[in-house]
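> Could you have a look at this structure, given as structure tokens, before my questions?
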Amino acid sequence: MKIFKMYQLAALAVLVLSAGSLTGQQAKMDGNTKMVGGAAMYPTKDIVSNAVNSKDHTTLVAAVKAAGLVETLQGDGPFTVFAPTNKAFEKLPEGTVSSLLEPQNKPTLQAVLTYHVLAGKYSASDIIDAIKKGNGKATFSTVNGAMLTAMLKGKKVQLKDASGNISTVSISDVNQSNGVIHVVDTVVLPVM
């Protein structure tokens, strides 16, 4: 009987300790922290520091490194980044990504990546408000200097690139210490 009670006490202690550590994890996962690619995106970390943990953004991270944009996207910003997933990059014609990652194509890679970035922090509601004010469309100047058009399909924000390709925001308002990320399902391309 005493042994059974000792096991009960030990089990209770384990539950209490587990509950304490869960509370600690929940404190880290506040209302502004979102999960992207199986990883928590902490609003206290910069864009690159968070993105490297997302298993859905390994291609984007490799591209940012190859383009020499890590330091820029770790800077003060603020930036709004439309972050294509690995699946988004897979939609490009075969060989495109590997070609863009070659050192001689660094300027082209930089142009593609900076076309996914806006100077300033634009939440989903900011973008939607601009779309409503623009009677269904809003045009944004990207860091690349080219224009990107935003519109709504139902309640989802979509982006239209210079060639008319459409990308849909799948996860919005992933806040960062130096801006915000909106995850997109298609790579948008400037006119090259």
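The values are calculated or read from the model by the stated rules, or taken from the named source; none is laboratory data. All values reported here derive from a predicted model rather than from experimental measurement. So basically every Cβ, Gly included, is an ideal-geometry build from the backbone, and we count neighbours across all protein chains shown. For the accessible areas, the whole protein counts, side chains as well, though only heavy atoms, and no ligand, DNA or RNA atoms are used. Shrake-Rupley method; radii C 1.70, N 1.55, O 1.52, S 1.80 Å.
> For the range 151-167, what does the Karplus curve 6.51 cos²θ - 1.76 cosθ + 1.60, with θ = phi - 60°, yield as ³J(HN,Hα) per residue in whole Hz, taken in order and with x for Gly and Pro?
8, 10, 10, x, 9, 9, 7, 10, 10, 10, 8, 4, 9, x, 5, 10, 10
> Next question. Using modelled backbone amide H atoms (1.01 Å from N, in-plane), which distant-in-sequence or interchain residues come within less than 5 Å of S170's amide H?
V183, V184, D185
> May I ask which residue of S177, T142, I166 lies farthest towards the positive end of the charge dipole of the range 131-192, with charges of +1 (Lys, Arg) and -1 (Asp, Glu) on Cβ and the Cα centre as origin?
Among S177, T142, I166, the one farthest towards the positive end of the dipole of the range 131-192 is I166.
> What shape does the range 41-192 have by the C-alpha gyration tensor, where a ≥ b ≥ c are the square roots of the eigenvalues, rounded means a/c under 1.5, and otherwise prolate means a/b greater than b/c and oblate the rest?
On the way: a/c = 1.60, a/b = 1.21, b/c = 1.33.
It is oblate, given that a/c is not under 1.5 and a/b is not larger than b/c.
> All other residues with a Cβ under 13 Å from the Cβ of E90 taken together, and with Lys, Arg as +1 and Asp, Glu as -1, what is their net charge? If you can, show how the numbers build up before the last one.
Details: positive: K87, K91; negative: D56, E94, D185.
So the surrounding residues net to -1.
> Send over the semi-axes of the range 59-143's equivalent ellipsoid, whole angstrom and largest first, taken as the square roots of 5 times the C-alpha gyration tensor eigenvalues.
Whole-Å semi-axes of the equivalent ellipsoid: 26, 16, 10.
> Tell me the carbon and sulfur percent of the accessible area for the range 57-170, rounded to whole percent, probe radius 1.4 Å. All intermediate terms of the calculation are to be shown ahead of the outcome.
On the way: 3090 of 5930 Å².
Carbon-and-sulfur percentage of accessible area, whole number: 52.
> Excluding L109 itself, what net charge comes from residues whose Cβ is under 13 Å from its Cβ, given Lys and Arg +1 and Asp and Glu -1? Before the final figure, lay out the partial values.
Working: positive: K65, K106; negative: E102.
The answer is +1.
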